[in-house]
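Please treat every number below as a calculation from the coordinates, not as lab data. This is a predicted model, so every value here is computed, not measured. Using ideal geometry, Cβ is built from the backbone for each residue, glycine included, and neighbour counts are taken over all protein chains shown.
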Amino acid sequence: MELFHAPVRLPTNVEEMLLRTIWFAGAAIIIVVSGRIAIAEAPVDPAAVKSEDGKYLDKEGSPTFKVASDGTVDWYTYSGYRRYHSECHVCHGPDGMGSTYAPALTDSLKVMSYGDFMGVVASGRQNGNSVMPALGDNPNVACYMDDLYVYLRARANDAVGRARPAKKEDKPEAYTQTENSCMGKK
Amino acid sequence: MRKVLLATLGSIAVLTAGGAWANDELIKMSQNPKDWVMPAGDYANTRYSKLNQINAANVGKLQVAWTFSTGVLRGHEGGPLIIGNMMYVHTPFPNKVYALDLSKDNQIVWKYEPKQDPNVIPVMCCDTVNRGVAYGDGKIFLHQADTTLVALDAKTGKVAWSVKNGDPGKGATGTSAPLVIKDKVLVGISGGEFGVQCHVTAYDLKSGKQAWRAFSEGPDDQIMVDPVNTTELGKPVGKDSSIKTWQGDQWKIGGGCTWGWLSYDPAVNLVYYGSGNPSTWNPKQRPGDNKWSMTIFARNADTGMAKWVYQMTPHDEWDYDGVNEMILSDQQMGGAERKLLTHFDRNGLGYTLDRITGELLVAEKYDPKVNWTSGVDMNKASPTYGRPKVLDQYSTEKTGEDKNTKGICPAALGTKDEQPAAYSPDTQLFYVPTNHVCMDYEPFKVSYTAGQPYVGATLSMYPPPGETHMGNFIAWDNKTGKIVWSNKEQFSVWSGALATAGGVVFYGTLEGYLKAVDAKSGKELYKFKTPSGIIGNVTTYEQGGRQYVAVLSGVGGWAGIGLAAGLTDPTAGLGAVGGYAALSNYTALGGSLTVFALPQ
């Protein structure tokens, strides 16, 4: 498992070297968030235990995916698929599979908590030549944080494949209202 | 010969006082088939070489003469320049340039590597590609990812001057190759997926001072058109021809980017290029024709003023950028000698125009699967003269937001993308690398934030229904608008072609093969699998009495990202034919130059 691909330039400062050493020692569940080291807890069971207006939540109340036996995905997974492929895939690769510039989120999301995900996407971070831009001010991302998280969580748990989800739940009414107010549309 | 050339290079500083010298000298140099002094080999963008040591009879014996690793991953587009005994090899981000001495065992004479803010990487839509350097006035010109246009001393690699061509903080990036014309260096800009108001800019060769800048959309003074004297299809464009085709001030974030190739006709002093898609990809959000996106421009090279324009895809609904190269040829047509411009557009139509007047002569599908249009209205008396007729079934505008329009051919990649075609005056045929890919396209609402993607659609790509191959390499007759022969390729052909006087045409494939085919019949005569997939352009030169053929390999670009992605049923690739199989089963990243020659 590889959270970061090797940077193009070798790390120059000691802190980075240290991190890298820890990394290669096999502590693959370490996540760097905004310069601090957080030891991820064991992944939370992604099973949906309840639904609020078409958004599914796990037992800790974090957003999660719901894939019916006939392959129908919840709206958030579908919407996340769309937004991912217009905002993120250039660096993170098609279907969350990573590239030389950015890690495979299908791996990252196996261990990254909802809170950490939100933090990194909103604030960004830099690791050598790998740059994650801060996207908190970009409504095309900020208004769809849960969508992106749910889609990538589904990918990380092999709940949806590499293809475009063929069947989806309808766009929930409450979602449309939230989306319009977030995107500044009436 | 070499000595003469070197002496010429050395005396450039003195001679350039004449102003137009660089132009005359470049024309002369481009006529020497031993060199390859500009991205397409010549101003007409023919990618044709008079060298004939390698020919249809002996090309089967071709061997690898030498190779060179660029030390860079990701997509390697474009190709090297060869000037005398020197070869200049460029790379994708971080945009290294190597100067190799071909007469000294290909030693590295100098290497340039700019220090660029890696924040530019996420604002490059389609991989961190670069399409090559230009030469003029003893300098090598490089358009870096961060939009810096830098002039390097061709002998030492030392920076002579540099200038910023755009703001990467707003999503503008540099990927295209510059072109030196007279005492100026011209360059376009990328950023159509970020709502950049794109332009072509001319800089003074010696100082880097901006001479003119012509935007693709905006008020008349910004787009450098004359309401009376600039024409479209023979008629004056009129006042505010651009801004009246946009809602409000959407033109300010209108795209129309200029990341393709520039060509030039010295006889009439006109520079030709195309503009890209209007931003966003969601057509509902930008009513109007969105002029002058998707347009062929003919501009005065000295002043930048447009002589004529022609918008191929008004109000784009599919991301069919018009940036592909304009190939200039002088041919007999309808019993008269015509000065022609031939262009293979992303929208799947091959256009032939009179390059002096902008008159439309031919507009025909160069892939029979193209289905979004029933064709271009060629009736000069018709109010829709020159416009493509869009079929409702494939109109993403008509289908609407949050709805998936299915089965559109070609895909957004176009029937051809930036990979340039070649023209042989011997056969009078155009050799065109093509994509044979269709798509589903779903537009959705998107909000503009400076420096952030402004895309507004997702799409899935796949071969045309019932077929398994995703590319063709074709020979095209631009006078009749007909395919003469067509070779199937498993993947899109994303490599620039080379035609030669030896009756051989070369191109590369995404799996990594360099192929040589017979110019008349298309029969495959030679192939060799290079270290990685080829999205670079094939080049030829002569050194020490031997003809060489060179190509960059290093898979990536939009094809490299796109073809392995977005398939509606990726598992179908495991079937017997395997047309859907992911490219990653055939090749991996890694940049290198492979150079071929006949055995001695």
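A few comments on the model shown:
- Rg/Rh for region B:456-513, where both radii come from Cα atoms and Rh is the Kirkwood radius: 1.05
- P(r) tail for region B:388-533: Cα pairs beyond 26 Å make up 38% of the total.
- Here the label points at B:D117 and B:E359, each 7 Å from Cα along the C-beta direction, are separated by 5.1 nm in the simple model.
- Modelled FRET efficiency - R0 56 Å, A:E60 with B:K209, Cβ distances, 0.05 increments: 0.40
- The orientation-averaged projection of the convex hull spanning the C-alpha atoms of chain B amounts to 24.3 square nanometres.
- Which of B:C438, B:P383, B:V129, positive extreme of dipole for chain B (C-beta unit charges): B:V129
- Close amide H partners of B:L361, meaning residues 5 or more places away or on another chain with modelled amide H under 5 Å apart, are B:T352, B:L353, B:D354.
- Each of B:G174, B:M87, B:F215 was placed along the dipole of chain B (beta-carbon charges, centred on the mean Cα), and the one lying farthest toward the positive end is B:M87.
- If you bin all the Cα-Cα distances of region B:162-313 at 5 Å, starting from zero, the percentages per bin are 2, 11, 21, 24, 21, 14, 6, 2, 0, 0.
- Ordered by the number of other Cβ atoms lying within 10 Å of each residue's own Cβ, fewest first, B:F528, A:F65 fall into the sequence B:F528, A:F65.
- Shown in residue order for region B:255-266 are the 3J(HN,Hα) couplings computed by the Karplus curve 6.51 cos²θ - 1.76 cosθ + 1.60 at θ = phi - 60°: x, x, 6, 10, 8, x, 10, 10, 10, 8, 10, x Hz (x for Gly and Pro).
- The residues neighbouring B:L51, those whose beta-carbon lies less than 9 Å from its own, together hold a net charge of +1 under the Lys/Arg +1, Asp/Glu -1 convention.
- Peptides ranked, highest mean first, by Cβ atoms within 10 Å: ranges B:490-497, B:99-106, B:274-281: B:274-281, B:490-497, B:99-106
- Computed from backbone phi with θ = phi - 60° and the Karplus coefficients 6.51, -1.76 and 1.60, the 3J(HN,Hα) list for region B:244-250 is 6, 9, 10, 7, x, 9, 4 Hz; x is used for glycine and proline.
- More than 48 angstrom apart: percent of Cα pairs within the protein assembly as shown: 16
- Compactness of region B:261-331 as Cα Rg over 2.2 N^0.38 Å, two decimals: 1.22
- Across all directions, the average flat footprint of the convex hull enclosing the Cα atoms of region B:49-133 is 7.4 nm².
- Counting only Cβ charges, +1 for Lys and Arg and -1 for Asp and Glu, the dipole size of region B:278-421 around its Cα centre is about 260 debye.
- For the segment A:82-93, counting C-beta atoms of other chains within 10 Å of every residue's C-beta and taking the mean gives 6.
- Between B:D377 and B:Q393, the modelled label-to-label distance comes to 2.2 nm, taking each label 7 Å out from Cα in the direction of the beta carbon.
- Rg [Å, one decimal], Dmax [Å, integer] - region B:461-556, C-alpha atoms: 14.2, 50
- Dipole size of region A:52-186 about its Cα centre, with +1 on Lys/Arg Cβ and -1 on Asp/Glu Cβ: approximately 320 debye, rounded to the nearest 20.
- Shown in residue order for region B:129-141 are the 3J(HN,Hα) couplings computed by the Karplus curve 6.51 cos²θ - 1.76 cosθ + 1.60 at θ = phi - 60°: 6, 9, 9, x, 9, 10, 10, x, 6, x, 10, 9, 9 Hz (x for Gly and Pro).
- Count, lysine Cα pairs under 20 Å in region B:105-181, 8 or more residues apart or across chains: 10
- Taking label points 7 Å from Cα along the Cα-to-Cβ direction, B:S521 and A:A166 give a separation of 4.5 nm.
- Cut-off 10 Å between beta-carbons: net charge of the residues surrounding B:E401, Lys and Arg +1, Asp and Glu -1: 0
- Placing a label point 7 Å from the Cα of B:A267 along the Cα-to-Cβ direction, the residues of region B:301-339 whose backbone N falls under 20 Å from that point are B:301-302, B:307-309, B:326-339.
- Compactness of region B:292-410, expressed as Rg and Dmax over alpha-carbon positions, Å: 15.5, 52
- Histogrammed with a bin width of 10 Å, the alpha carbon distances of region B:106-194 distribute as 18, 49, 28, 6, 0 percent, first bin at zero.
- Unit charges at the beta carbon, dipole of region B:23-146: most positive-side option, B:N55, B:I27, B:S69: B:N55
- For region A:114-131 versus region B:232-299, the gap between their alpha-carbon centres in whole angstrom: 37
- Ordering of B:53-65, B:189-201, B:509-521 by packing [mean C-beta count within 10 Å, highest first]: B:189-201, B:509-521, B:53-65
- The alpha carbons of region A:94-175 occupy a box of 41, 26, 20 Å along the principal axes, longest dimension given first.
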